[in-house]
Amino acid sequence: MTNPLSLTVVLSLSAWQGLVNWLERNMLTCPSRKYLHLECPGCGFQRSVITLFRGDLRASLQLYPATIPLLFLLGFVALHVKFDFRYGAAIIKYLYLGVATIVLLFYIYKVLNHKLIV
């Protein structure tokens, strides 16, 4: 007799894998990259999220270092909308500033290392 918990885990992992595969097949095209042949400050985010969902943290950070802080920011904003934290707005402001700083520094790094031209 099969264990219902193990069956649930297998089905959940299968659904997760299907979602990640669907995301990979349906990635959006960056207009800047397509028409100007230059990467924008957001290029690499989709690939980074998919890599993170596959469980490769190091590769995800190499593709786009702001992925984890950005996902944390989005999660905190959702929780703040639901529960209205006392200092939630201030925390969101500082998290946003941190994420913007990471994105800007990574873009400057790509500019200095000539990694913008596709």
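The values are calculated or read from the model by the stated rules, or taken from the named source; none is laboratory data. This one's a predicted model, so the numbers in the text were calculated from it and none came from an experiment. When we count neighbours, we look across all protein chains shown, and the Cβ atoms used for this are built from the backbone with ideal geometry, even at glycine. To get the accessible areas, we keep the full protein, side chains included, count just its heavy atoms, and leave off ligands, DNA and RNA. Shrake-Rupley method; radii C 1.70, N 1.55, O 1.52, S 1.80 Å.
Out of all the residues in the stretch 61-101, which are under 22 Å from residue 31 (Cα atoms) and in contact with a helix residue (DSSP H, G or I) (Cβ under 8 Å, 6 or more places away or on another chain)?
63, 64, 65, 66, 67, 70
Would you check if residue 8 is among the polar types (S, T, N, Q) and assigned to a loop (DSSP other than H, G, I, E, B)?
So residue 8 does not fit the description; no.
Could you check the stretch 9-29 and list, in sequence order, the residues that are open to solvent by 80 Å² or more (accessible area, probe 1.4 Å) and either among the β-branched types (Val, Ile, Thr) or in contact with a Cys (Cβ under 8 Å, 6 or more places away or on another chain) (or both)?
Matches in the stretch 9-29: 10, 29.
Which residue pairs have Cβ atoms closer than 8 Å, lie 6 or more positions apart in sequence or on different chains, and pair a first residue in the stretch 5-18 that is on the phi < 0 side of the Ramachandran plot with a second residue that is surrounded by 10 or more Cβ atoms within 10 Å (Cβ to Cβ) and part of a helix (DSSP H, G or I)?
From residues that are on the phi < 0 side of the Ramachandran plot, the pairs are 16/53.
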